[in-house]
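These notes are about the structure you will find just below.
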């Protein structure tokens, strides 16, 4: 039969992939639309005074050479005051279109200062942009000139104030030592009297301008004509044509910043020379403009301006820079002219040049007055008596009679005689100080001998200085006044030093803090060795002396005054090693001292911990501070910070103790040995050691016991096996005496009960001979070690051996007066004719190292307990009946 196939039901798909095409096309179209809108640009409007040089579709907007927009339209504004230029900016420039953003037209411009916008001759005019901050904005007013600092320019802009502009123009160069370092970027009027010039200094030269820098005009030529000749001065050819400004760096204290204001002087002489001040007088018939200011015949300044005031005449004068020290609040001025009399004629040249103004220097330190009085006659001070002084020098300085006494290179006195002192220890110079300078010489002042030729040569540089001919021929001495207000009296004596450095070094040394440390040895130190605090030098060792009475070394330290606060009761000093190596599994650390410390040695300063400080006694150290300081110099930092106490230990000659061996108590390190040497009689060794501060009190008692711990090898094993690697060390048992000591004697072994527990049960075993018993031989109860032999000794008669033993406290109830002890060491062999041979041995341990067994008959009670004086005979073997003893001990 033919089979009829059943129909297949196919479900219709709800979504066909063909629908993805229009969806993708829709998304792509939306993205392109958004992208087109976003990148279509930002339209802004810029107002210009005119459309000259601006072309629609051609004029571009540039920022540092990058095109960021284009002009799309130009139209007149409503008020006919200019044109509105529509610009389409790149969409990426939108964040920079803010309130303080600036636009200006760049086109070729030629002037005497140079050519600007030269690139526009080839590419055409363009509009430049300088982004600014503020709120977003789309309408702008174009700048008529480029801003002071254009994009890409780095530096500072300062303001120069002048009475007139002169030949300065935008673009005029600013020079430093005839090198152009900036330019004038603009100028404007301030009121009706001042001109404000904006100057730009390039970034690499901005550090040359300081708050006290002086600026002056170097435009054109400067001609100075006189009977001596004609002098022509100019900065450069550029400054002749386009004007220029020069400046100096000032005192280099504080650098100038943007917006700082300076005065622009007419010339260099006014900028650098004049300390300007005012003089007042009733009438100016005897003084004219440019009249000279004189001091002892030397021109030190001039009158710059004469003007009338309500009360008389005011003279504006200036002192040259090197003579500024002459002017003080108590300086005096008077008019001086030609002197014609029957006695003779003086200063005849003033009949032609005019009168001059003499100055008498002052010494006051308060502020200058607004104006000084110009007197007609010399002040009475000139007629006062001179101040006579005696100057002392260790050797002849080369000064002759008539040599000058100077202050800031100005003569203030004269040497009138020189001779040796009465005891021939010094050279005395008698000097006279002029009356007007008496107030300069105060108590604490000193004098410096001037050298006509001074050569200072070193690896870094060679410095050569010379003085004037007068110094070379006659010599001179300079006064260095002190801050004291107590004036010197006639006949006072003062010291002459070779140089100001020598004097200051001496005074500095006198101000330093002096300390004395004690050391057991020279510690590898020498005079001049540095003192460090946290690796910074704070002083030095001035002197090292050996004290015969105490066999100690005294180190005289000098600490700088500024570190006085470091000297406290908790302060300690220690010696530094030239090189220290700290090796461990973590790595190797090498610490090398500074070169000065490696050559001369060095010491360091630090502070001990508060807890250690409370537990130790600090010895007194004499110092200028008057505080108590530890006067011990320690060998290293660890000993210092732990306040280690030095002790001396006498050791047997055979002891294997070396330097740096530890001193231990129950395994804990409480000190260390620093040095070991044989005694003079070679019978023993002398060890110099330290106990750490927190343990020194306990282990320096009079009855403290020291003994040597070294490895012991036997059949029973090795005792103190760690000493095979680390070496022998010294162990200690604390004493309980009231008195202390620093000298002790160490034995080769500790006393027999040194390691006996305090709560153990102690007694004595007696035998005819020691046999294989030794210190540490265990005592067994049914095969379990419950105690040991602590020591042994012969009895007073020498017929018996006394063995001192103990039973640990937890097993003390197993032993009483009914107990029996026998030697279980080695092998016991008994041979009989009828019984044959019997061999008896204990455990392997007793076979090798020996042992003692114990068995107890009765139960332990208060009646049969053992006391330290109890004695038992040590049997040679166990008896058979003892095997039946099995008391139930509780």
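The values are calculated or read from the model by the stated rules, or taken from the named source; none is laboratory data. None of the values given here were measured: they were computed from a predicted structure. Every residue, glycine as well, gets a Cβ built from its backbone with ideal geometry; the counts of neighbours run over all protein chains shown.
Miscellaneous remarks
- Of the strands (runs of 3 or more DSSP E) lying entirely inside segment 254-328, those carrying at least 1 residues that are touching a residue at least 60 places away in the same chain (Cβ under 8 Å) are 261-265, 275-281, 292-295.
- When the criteria are applied in full, residue 439 fails the requirement of being out of contact with any helix residue (DSSP H, G or I) (no Cβ under 9 Å at 6 or more places or on another chain) and in a loop (DSSP other than H, G, I, E, B).
- The residues on offer are 84, 100, and the sole one that is part of a loop (DSSP other than H, G, I, E, B), at pLDDT 85 or above and out of contact with any helix residue (DSSP H, G or I) (no Cβ under 8 Å at 6 or more places or on another chain) is 100.
- Which listed residue is crowded, with 18+ Cβ neighbours inside 10 Å, touching a strand residue (DSSP E or B) at 6+ places or on another chain (Cβ under 6 Å) and either modelled with pLDDT under 85 or assigned by TED's automatic domain parsing to the domain that holds residue 202 (or both), from 148, 93, 128: 93
- Of the residues examined, residue 422 is one that is out of contact with any strand residue (DSSP E or B) (no Cβ under 8 Å at 6 or more places or on another chain) and either closer than 20 Å to residue 323 by Cα or surrounded by fewer than 18 Cβ atoms within 10 Å (Cβ to Cβ) (or both).
- Some residue of segment 697-712 being modelled with pLDDT under 80 and crowded, with 19+ Cβ neighbours inside 10 Å: no
- Answer residue from segment 329-339, given it is in a strand (DSSP E or B) and within 16 Å of residue 279 (Cβ to Cβ) and is nearest to the chain's Cα centre (by Cα) among those: 332
- Consider segment 362-391 and keep the residues that are crowded, with 19+ Cβ neighbours inside 10 Å and at pLDDT 80 or above. The one that is farthest from the chain's Cα centre (by Cα) is 374.
- Some residue of segment 731-739 being in contact with a helix residue (DSSP H, G or I) (Cβ under 9 Å, 6 or more places away or on another chain), surrounded by 20 or more Cβ atoms within 10 Å (Cβ to Cβ), modelled with pLDDT of 85 or more and within 30 Å of residue 860 (Cα to Cα): no
- For segment 246-289, taking the residues that are exposed (fewer than 12 other Cβ atoms within 10 Å of the Cβ) and under 22 Å from residue 308 (Cα atoms), the one that is modelled with the lowest pLDDT is identified as 285.
- Inspection of segment 194-204 finds a residue satisfying the criterion of being touching a helix residue (DSSP H, G or I) at 6+ places or on another chain (Cβ under 9 Å) and closer than 17 Å to residue 246 by Cβ.
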